[in-house]
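Written out below as structure tokens is the structure these notes cover.
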Amino acid sequence: MKFFISFGLCLISSFVMLSDVAKAEQILLLNLQYKSDKTTTKEIHFYGNDINPNSVSINDRFLLTINGKSIQLPKQLYRRLDWLRRSFSYDSLSGGIQQPKEEESCALGGASEGIILKARYLTYKNSRIVASEMKPVFGLAQNCLFTDIYKPVNLNAQEDARAVFEILNNLSLLQD
């Protein structure tokens with residue numbers, strides 16, 4: 001009997017350690033930030049264990065957090081987010097990311113309000129990833145004071161970035 005209890009405790013601690021290792025390997029892939037002036041008021045993080053959106057494995061693991069709280073989603077939704085990020089996560093498909101332009105003055109008073117989607121942006125050389133960084137790829141103004149409007153040059157990449165934005169925003173609304 002003591003053997004079974006001891007074996008069970010060992011097995012449970014192994015699973016706990018394994019889950020900690022799995023979490024440690026998670027890489028930030030997408031980040032949706034709700035901004036009020038320079039302050040981030042809400043943040044959604046999407047993590048995965050592989051930065052390359054062109055590869056898929058049965059061992060892929062994903063995690064989504066809203067303001068630090070872990071949210072469980074169907075595996076198909078995790079895979080959809082991972083697949084959508086492909087078209088706006090490197091220059092050859094996104095066409096590059098348009099930077100914010102100088103906007104005309106806005107007579108509205110108060111804080112600038114908007115939402116920015118950042119993605120793990122990859123640099124390829126000879127078909128290999130040589131660098132990656134979190135980069136703003138899509139922005140949506142919620143009032144005329146918000147000028148951080150990024151978007152991919154390629155129209156399909158713009159649509160995919162907007163789709164990721166909408167999925168993450170809707171998940172956030174469901175959690176509120």
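The values are calculated or read from the model by the stated rules, or taken from the named source; none is laboratory data. Computed from a predicted structure; not experimentally measured. Glycine gets a Cβ as well: all are built from the backbone with ideal geometry, and neighbour counts include every protein chain shown.
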Does residue 88 satisfy being of a type in the set (A, V, I, L, M, F, W, C) and either at pLDDT 95 or above or surrounded by 14 or more Cβ atoms within 10 Å (Cβ to Cβ) (or both)? yes
Counting just the residues of the range 21-73 that are charged (D, E, K, R), exposed (fewer than 15 other Cβ atoms within 10 Å of the Cβ) and more than 26 Å from residue 142 (Cα to Cα), which one comes out modelled with the highest pLDDT? 60
Can you name every residue in the range 147-174 that is buried (at least 17 other Cβ atoms within 10 Å of the Cβ), more than 17 Å from residue 78 (Cβ to Cβ) and aliphatic (A, V, I, L, M)? 149, 157, 161
Working carefully through the options 129, 167, 116, find the one that is β-branched (Val, Ile, Thr) and at pLDDT below 95. 129
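Of the residues 94, 127, which single one is out of contact with any Gly (no Cβ under 8 Å at 6 or more places or on another chain) and farther than 20 Å from residue 165 by Cβ?
The unique qualifying residue is 127.
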Checking residue 84 against (1) touching a residue at least 60 places away in the same chain (Cβ under 8 Å); (2) over 18 Å from the mean Cα position of the chain (by Cα), which test does it fail? (2)
Selected residue (only one of 127, 94 is surrounded by fewer than 19 Cβ atoms within 10 Å (Cβ to Cβ), hydroxyl-bearing (Ser, Thr, Tyr) and within 21 Å of residue 54 (Cα to Cα)): 127
So residue 146 clears everything in (1) at pLDDT below 95; (2) in a helix (DSSP H, G or I); (3) touching a strand residue (DSSP E or B) at 6+ places or on another chain (Cβ under 7 Å) except one condition, right? Which one? (2)
Given (1) without any contact (Cβ under 8 Å) to a residue 24 or more places away in the chain; (2) within 20 Å of residue 41 (Cβ to Cβ); (3) not in a loop (DSSP other than H, G, I, E, B), identify the lone condition not met by residue 115. (1)
